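Okay, structure first, notes after.
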Amino acid sequence: MVYFKPGSTRYFVKASFVLFVLFCGISAVKADDGYRLWLRYDKVPSADKYRDRIQSIAVHGKSATFDAIRRELSVGCAGLLGTSIVVGDRDDASVIVGTPQTSNFIRKLGWVIELQRIEPGGYRIRTVRDGNRSVIVIASATDVGTLYGTFHFLRLLQTEQPLARLHLDQSPRLSFRILNHWDNLDGSIERGYAGKSLWNWSELPAHIDPRLTDYARANASIGINGSVLNNVNANAQILTAEYLEKVAAIANVFRPYGIRVYLSARFSAPIELGKLPTADPLDRAVIEWWKAKADEIYKLIPDFGGFVVKANSEGQPGPRTYSRTHADGANMLAAALEPHLGLVIWRAFVYDMKPGYDRAGAAYENLHPFDGKFARNVLLQVKNGPIDFQPREPFHPLFGGMPQTQVIPELQITQEYLGFSNHFVFLATMWREFFDSDTYADGRGSTVAKEVSDKYLSGISGVANTGSDRNWTGHHMLQANWYAFGRLAWNPDTSSEQIATEWTRMTLTHDPKAVATIVRMMLGSHEAVVNYMTPLGLHHLFWGGHHYGPAPWWDTEKRDDWNPVYYHKADAFGIGFDRTKTGSNTVSQYHPPVRRQFEDLQRCPEKFLLWFHHVSWDHKMKSGRTLWDEMALHYQEGVDWVRSTRATWADLRGVIDDERYTAVSDKLVIQERDAVWWRDACLLYFQTFAKRPLPAGVEKPAHALADYKAKALDY
Ligand code: GCV
């Protein structure tokens with residue numbers, strides 16, 4: 001590549017060819033190891049049709065981002081169309097890419113003001129007339145917007161959309177679309193199930209792993225624009241000069257792709273690194289220490305995103321250690337970052353133990369008093385549900401509960417409570433349910449999606465499921481969750497079906513029948529896992545510590561609220577956590593129409609029944625069955641789904657390359673084993689209270705309860 005003059009047409013054609021061969025080389029040896037994610041760029045069935053329309057491409061613009069655009073278009077179009085495409089800069093090209101500042105052609109279209117009105121990162125893709133020919137134009141006011149437009153265009157080809165009358169204006173609904181990596185400095189990942197961290201700290205900054213560029217490309221292709229590199233259970237060392245240089249090296253790789261780096265900051269860093277006697281946020285020396293640290297960071301990384309802070313949560317230090325408030329702590333850091341336009345992302349995952357307390361109400365109780373008290377550059381990051389990334393939770397009452405605070409959702413892409421990287425669960429449907437929840441903050445229609453996008457600064461975070469595994473996510477199908485997170489961060493109203501269909505076509509197959517089958521599997525997968533793990537509003541039935549298999553009997557953790565028995569409260573009468581007036585009354589944290597629905601045993605959606613109510617085993621469900629029978633049948637339904645999915649997947653042999661086909665089949669075997677284990681362990685245990693037989697249609701457990709209690713499910 002270095003032999004060709006950058007910028008020349010020859011350079012790009014040759015460079016694309018070399019890159020293309022490199023990029024696809026491995027897959028020529030093996031069937032497909034999944035490394036290329038959804039950016040596979042293999043020839044599409046409509047390639048011939050597209051070749052007539054896309055004969056040459058002009059990219060107008062000079063910057064590292066424009067270089068990335070050229071590379072992507074060269075590799076992408078060559079692959080998808082099955083022939084190399086000239087990527088140059090001539091105005092008579094069939095596709096023209098640029099901004100009004102970089103392209104005369106685009107400037108002449110008279111779009112300057114309109115493009116400027118599109119949100120930052122937004123873009124326009126249109127088919128326009130130029131004399132007697134038609135041209136596809138990809139335009140934005142910014143380089144990064146142009147890159148996003150480029151990826152959108154490639155997606156149109158990958159999913160075989162018609163190009164004749166393109167008329168698209170796209171802009172992100174949420175401004176900060178961030179992946180959170182719970183990566184430790186020793187390379188391990190807290191709750192990571194796909195290998196080691198992607199950041200090789202010992203080799204940085206001298207050696208830059210080329211994989212970092214592929215990570216950035218994948219993220220940019222779905223609009224992700226931030227990456228928090230280290231675990232929220234933070235090690236202060238990341239803020240030392242030595243590590244900041246390494247962080248800067250990563251930031252340099254990400255910058256052309258529009259991705260800013262963020263760091264999790266340990267609140268006590270002034271003590272650990274600065275040797276100060278305190279980390280009190282109102283202490284002058286502490287304030288100065290953070291200001292100097294921010295200055296040091298921005299000198300190295302001018303576009304540094306900011307700090308994420310887990311304070312006074314699960315043993316982490318924070319302002320309350322010094323009898324100060326969350327607002328004191330967040331605002332002190334915000335003041336240090338504000339001159340550099342940096343953000344503080346303050347986590348609301350706070351749950352202090354008090355007598356008679358309900359963990360589901362703790363974050364609201366702790367944070368709600370500070371509504372309107374946070375600085376303008378503070379975002380409050382709230383998990384989607386009030387407990388902790390359970391297979392299903394109602395939305396967190398802080399959504400719609402803090403109108404004067406910039407609340408951003410935290411979703412968990414990694415499957416801490418959803419079978420790790422062994423279970424196939426498409427999370428978009430779960431997130432859809434969350435975004436569609438009506439908070440009633442401003443009357444009917446105040447969905448979470450609306451509440452979080454209508455802020456002065458808006459954003460979203462997702463705890464990443466990526467790692468050093470060749471296929472990035474440990475399970476091929478779970479790449480879809482990374483993809484879905486990005487697509488929903490861009491537009492939280494996108495349908496799960498659209499996301500699943502796009503992803504399947506880009507990643508697995510173009511065969512329409514197979515696409516329909518896989519999409520159907522994806523859309524049913526979340527309900528299935530809820531059924532075999534925690535149906536009807538049950539939650540946190542997990543084996544302590546690792547959170548993989550079932551242990552509803554667990555009662556030995558040092559905190560009550562780390563024990564499953566605290567959550568299900570099964571007894572001779574029934575099961576479930578009473579969060580109504582007769583119980584913890586944390587249902588009162590929701591706006592009245594929501595509260596009234598949840599607290600009414602008859603109106604409460606059955607999927608949340610045992611979240612809000614302690615219900616008799618004989619309670620009549622909508623189906624006419626008793627609660628016990630219904631619960632048992634839900635567990636069975638979950639198992640049945642996995643079995644039928646195994647059979648459906650088996651029919652796809654030959655449609656999907658052998659390597660990925662076999663890997664997914666093998667994982668489904670584990671998933672079936674686990675689903676059966678979940679059903680049997682939970683039903684046998686709950687039966688000791690319910691004292692009722694299993695209803696017809698539910699299989700008899702293979703082992704005795706004592707066997708399940710004795711042994712954790714292997715993972
Ligand atoms: C990073 C849960 C997880 C912890 C995680 C914590 C958090 O408790 O089990 O591993 O810590 O959430 O979100 O801070």
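The values are calculated or read from the model by the stated rules, or taken from the named source; none is laboratory data. These numbers come from a predicted model, not from an experiment. Virtual Cβ from ideal backbone geometry, glycine too; neighbours counted across all protein chains shown.
Structure values in brief
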item: Subset of the range 586-630 that is hydroxyl-bearing (Ser, Thr, Tyr) and not in a loop (DSSP other than H, G, I, E, B) - its residue that is nearest to residue 438 (Cα to Cα); result: 588
item: Test: residue 299 is among the basic types (Lys, Arg), more than 16 Å from the ligand (Cβ to nearest atom) and modelled with pLDDT of 95 or more; result: yes
item: Within the range 433-467, considering residues that are in a loop (DSSP other than H, G, I, E, B) and among the acidic types (Asp, Glu), the one farthest from residue 525 (Cα to Cα); result: 442
item: Answer residue from the range 385-417, given it is in contact with a Pro (Cβ under 8 Å, 6 or more places away or on another chain) and free of Cβ contacts under 8 Å to residues at least 60 places away in the same chain and is surrounded by the most Cβ atoms within 10 Å (Cβ to Cβ) among those; result: 396
item: Residues located in the range 378-420, provided they are more than 16 Å from the ligand (Cβ to nearest atom) and of a type outside the set (A, V, I, L, M, F, W, C); result: 392, 394, 397, 400, 401, 403, 404, 405, 406
item: Check on residue 709, under 19 Å from residue 417 (Cβ atoms), assigned to a helix (DSSP H, G or I) and modelled with pLDDT of 95 or more; result: no
item: 1 or more residues modelled with pLDDT under 95, over 14 Å from residue 60 (Cβ atoms) and β-branched (Val, Ile, Thr): qualifying strands (runs of 3 or more DSSP E) within the range 73-134; result: 86-88
item: Those residues of the range 633-686 which are within 17 Å of residue 702 (Cβ to Cβ) and either in contact with a Pro (Cβ under 6 Å, 6 or more places away or on another chain) or at pLDDT below 95 (or both), in sequence order; result: 678, 680, 681, 682, 684, 685
item: Selection status of residue 515, within 29 Å of the chain's Cα centre (by Cα) and modelled with pLDDT of 95 or more; result: yes
item: Given (1) in contact with an Asp or Glu (Cβ under 9 Å, 6 or more places away or on another chain); (2) in contact (Cβ under 8 Å) with a residue 24 or more places away in the chain, number of the condition residue 320 does not satisfy; result: (2)
item: When residues of the range 303-338 are limited to those that are more than 17 Å from residue 263 (Cα to Cα) and in contact with a helix residue (DSSP H, G or I) (Cβ under 8 Å, 6 or more places away or on another chain), the one nearest to the ligand (Cβ to nearest atom); result: 312
item: Candidate set: the range 172-197, residues that are crowded, with 18+ Cβ neighbours inside 10 Å and polar (S, T, N, Q); chosen: the one farthest from the ligand (Cβ to nearest atom); result: 175
item: Residue satisfying all of: in the range 222-252; of a type in the set (Ser, Thr, Tyr) and over 23 Å from residue 421 (Cα atoms); farthest from the ligand (Cβ to nearest atom) among these; result: 240
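One line per residue, one yes/no per condition, for (1) under 23 Å from residue 157 (Cα atoms); (2) more than 16 Å from the ligand (Cβ to nearest atom); (3) not basic (Lys, Arg):
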residue: 477; (1), (2), (3): yes, yes, yes
residue: 484; (1), (2), (3): yes, yes, yes
residue: 492; (1), (2), (3): no, yes, yes
residue: 500; (1), (2), (3): yes, yes, yes
residue: 507; (1), (2), (3): yes, yes, yes
residue: 518; (1), (2), (3): yes, yes, yes
residue: 541; (1), (2), (3): no, no, yes
residue: 559; (1), (2), (3): no, no, no
